[in-house]
Every structure is written in C-alpha cells, then in structure tokens.
Amino acid sequence: EVLMQGPQWQSAAPHFAKARTFNRESIDPIIRLAEFARRSNDVPAEKQRLREGLELDGMSFDPAARLTMLAVVSDDPKTLAFALARATAIAPLHPITLAAHALTAAKAGDKPRASELSKRALKSVDETEGRGPADTLVVLALAAEAAGDLTTAKILATRAAAEKGLPTAAKQAMARITAG
C-alpha cells in the first residue's frame, strides 16, 4: 500500500500478485491489480481483473460498476451482461445500473423504456447536486444520448470529461457527445 502512494507505484504490482497466491479467495489483491491496470490505462487487463474479482465476490458493487462502465465504452456486450447482472443484484436502483439498463433497452429498440430508465438514473444524480463518480456520469451520458436526450447527454458528458482517470475509450465517447 505504501509503494502505491509513491512515484514508483508500479513496483507494488508483484507484491499484490504474490499476495494473490496466499489466499485465492480474497478479492483485495485482485482489485489492487485492477487498479494498476487502471492507472496504466490498460482496459483489457482491468476488465479481466475486475471480472476475476467479481467471480470470487459477487456482492462488491464498486468493481461491478466499474466493469459495467468499461464494458459500455469498449462495446463488450458479454462483459456488460456479466457486470450488469452483478450490479443489478447488488444495487438495482443505482444510477449506473439504471443507465446501463437504459442503454440495453435502447440497443434493443425500446426507446420509451430507455428514456424512462435514463430519467430515473438522472434523477438520482440530480438529488446529489449532479455529483457522482465519473464512471456513473459516463454511462449516464451515453444512456441519455441513446434515449434521444442530447442536451442532457452533452451536460453529463462535459461533467464526466472533466474528471481525471477516465480510460481513453470513455474520453473519446464523451468528446464525441460534446462535439455532436
């Protein structure tokens, strides 16, 4: 943990990989390895680690939410189905869960349901004065766009783009929405 806070944070990775071998049922080293992938902007590795973690502990919402966002921006329906099933089981009314369901509905051609779910998700974010994790804002922006609410999508995409640490695919999606 101390190494992760310093300038040579990458040097902590082998220690977490080794820690993973000590207790194969612990999600903590796996999630730390996902953080390394995140900091390195290695989306495939991050998705793999988050999936491994969720296969061990299916009741951890943060990894499910992050994996949902990564699956959305990398257009990975198989991973989205897995992550969304976990997110729905844990927090069905969380804004990122609702927004991901809105995207799924929009892709299935059900625009009214997509719009309804997108509005419900947005209401939850509005109740917190528009603040929320960048991952949630990304999925909300894409859900609003898919539901046909381009004004809201642009506002959310602008908020999300201002956040640090977004993967390249998310940045590109937010730039596409704000430019459109």
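The values are calculated or read from the model by the stated rules, or taken from the named source; none is laboratory data. Here the structure is a predicted model, which is why all the values come from computation and not from measurement. Glycine gets a Cβ as well: all are built from the backbone with ideal geometry, and neighbour counts include every protein chain shown. Only protein heavy atoms, including side chains, enter the accessible area calculation; ligands, DNA and RNA are left aside. Shrake-Rupley method; radii C 1.70, N 1.55, O 1.52, S 1.80 Å.
Quick notes on this one:
- Selection within segment 34-66 - in a helix (DSSP H, G or I) and among the small types (G, A, S): A34, A37, A45, G53, A64, A65
- Being within 11 Å of the chain's Cα centre (by Cα), of a type in the set (V, I, T) and in a helix (DSSP H, G or I) holds for only one residue in T88, T97, and it is T97.
- Residues satisfying the stated conditions in segment 158-178, i.e. assigned to a helix (DSSP H, G or I), of a type outside the set (S, T, N, Q) and out of contact with any Lys or Arg (no Cβ under 8 Å at 6 or more places or on another chain): R159, A160, A169, A170, K171, A173, M174, A175, R176
- Residue list for segment 135-157, restricted to those being of a type in the set (D, E) and in a loop (DSSP other than H, G, I, E, B): D149
- Residue selected from segment 159-177 under the condition closer than 24 Å to K123 by Cβ and modelled with pLDDT of 95 or more, by the criterion farthest from the chain's Cα centre (by Cα): I177
- Some residue of segment 136-147 being open to solvent by 10 Å² or more (accessible area, probe 1.4 Å) and touching a Pro at 6+ places or on another chain (Cβ under 7 Å): no
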